[in-house]
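Notes follow the structure.
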Amino acid sequence: MTAALVATPSSADSIQPYLIGRGIADVTGPLVGVQFWGFGRPDQIGEGLHIRLRSRAFIIAQKTDPVRRLVFVSVDLGSVDHHIALEVVERLRQRFGTLYSMDNVIISATHPSAGPRSHWHSRTDTGLNAASIPPHFEAIPAGITASVVQAHDLQPISVLINTGQVTDAGANRSSGFAYPGEPARERGFVSPATPTRR
C-alpha cells in the first residue's frame with residue numbers, strides 16, 4: 001500500500017481535511033577527518049564532499065485541530081540517537097513553546113553507510129563511534145530544527161491512498177552477491193535482483 005501527500009489549496013474542508021508542512025535543511029558537518037559509518041574501519045575517513053546530507057521534515061495536522069500535530073523527519077544519518085532527538089525538541093521548545101515535544105516528533109535515519117559517524121555522545125566507550133566530534137554533532141540538530149521550522153507553515157493537502165503490488169522498483173545492495181549464499185529455504189522467499197556492480 002502506498003500513500004501520497006498532494007498539496008492542492010482548496011477551501012473545501014470535506015475534500016481536504018488535512019494540513020501539511022514541508023521543510024528541508026542541510027545537516028552536513030565537517031568534510032575532512034570524520035570516520036564513515038561503514039563497518040568502523042579506521043581507513044574510512046572523509047577527505048571531501050560527494051553529496052550534502054539533508055534533513056527532510058513533514059508536519060501533519062487535521063484542519064479541525066491544527067495545534068495537534070505530528071512531525072516526521074527523515075535525516076541522512078546512519079542512526080539517530082536519543083540525545084539528538086532531545087536536543088532538537090529543546091530547540092523547538094525554545095522557539096514554539098510546547099507545540100512540539102517527544103510525544104509528537106519522530107526522527108528517522110536513512111542509514112547511509114557512506115555517511116559520517118562521530119555524532120553520538122553515548123557510544124564512544126563501545127568502539128562503535130570513533131571519536132565524538134562536536135562540530136559534527138552541532139550540524140545535525142541545527143539542520144533538523146531548521147527543516148522543522150520550515151515545515152511549521154501548514155498548507156491544505158489531499159491524502160491519496162492506493163493499493164497494489166510494486167515490482168522491479170529496487171533491490172537490496174547485497175541481493176545479487178550476498179543473498180545467494182543464504183540457505184535455500186531462505187532464498188525461496190525472494191527472487192534476488194540480477195547482480196550489478198557499481
VAL166 passes all but one of the listed conditions (1) at pLDDT 80 or above; (2) loosely packed, with under 15 Cβ neighbours inside 10 Å; (3) part of a strand (DSSP E or B); the exception is number (3)
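Only residues that are among the polar types (S, T, N, Q) and in contact (Cβ under 8 Å) with a residue 60 or more places away in the chain: list them for segment 33-90, please. I'd like the intermediate steps shown before the answer.
Taking segment 33-90 first, the residues among the polar types (S, T, N, Q) are 35, 44, 55, 62, 64, 74, 79.
Within segment 33-90, GLN35, SER55 qualify.
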Scanning segment 20-53 residue by residue, those open to solvent by 80 Å² or more (accessible area, probe 1.4 Å), touching an Asp or Glu at 6+ places or on another chain (Cβ under 8 Å) and not β-branched (Val, Ile, Thr) turn out to be ARG52
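Mind checking which residues of segment 76-98 are open to solvent by less than 80 Å² (accessible area, probe 1.4 Å) and at pLDDT below 95?
Keep residues of segment 76-98 that are open to solvent by less than 80 Å² (accessible area, probe 1.4 Å), which gives 76-81, 83-85, 87-92, 96-97.
Result: ASP76, LEU77, GLY78, SER79, VAL80, ASP81, HIS83, ILE84, ALA85, GLU87.
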Picked from segment 62-75 (must be farther than 11 Å from LEU154 by Cβ and over 8 Å from the mean Cα position of the chain (by Cα)), the residue most open to solvent (accessible area, probe 1.4 Å) is ARG68
When (1) within 19 Å of VAL27 (Cα to Cα); (2) at pLDDT below 65; (3) surrounded by 13 or more Cβ atoms within 10 Å (Cβ to Cβ) are applied to ALA109, the one that fails is (2)
Restricting segment 93-116 to residues that are touching a strand residue (DSSP E or B) at 6+ places or on another chain (Cβ under 8 Å) and not in a loop (DSSP other than H, G, I, E, B), the one farthest from ILE51 (Cα to Cα) turns out to be VAL105
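When you scan segment 29-92 for strands (runs of 3 or more DSSP E) that lie fully inside it, which ones turn up with 3 or more residues that are under 19 Å from PRO141 (Cβ atoms) and touching a Ser or Thr at 6+ places or on another chain (Cβ under 7 Å)?
Values: elements: 32-35, 45-47, 54-62, 65-75.
Counting at least 3 such residues, we get 54-62, 65-75.
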THR8 vs (1) among the β-branched types (Val, Ile, Thr); (2) open to solvent by 40 Å² or more (accessible area, probe 1.4 Å); (3) at pLDDT 75 or above: all pass except (3)
Within segment 11-59, the residues that are of a type in the set (Val, Ile, Thr), touching a Gly at 6+ places or on another chain (Cβ under 7 Å) and at pLDDT 90 or above are VAL27, ILE59
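The values are calculated or read from the model by the stated rules, or taken from the named source; none is laboratory data. Keep in mind the model is a prediction, meaning the values are calculated, not measured. No Cβ is skipped: glycine too gets one built from the backbone with ideal geometry, and neighbour counts run over all protein chains shown. For the accessible areas, the whole protein counts, side chains as well, though only heavy atoms, and no ligand, DNA or RNA atoms are used. Shrake-Rupley method; radii C 1.70, N 1.55, O 1.52, S 1.80 Å.
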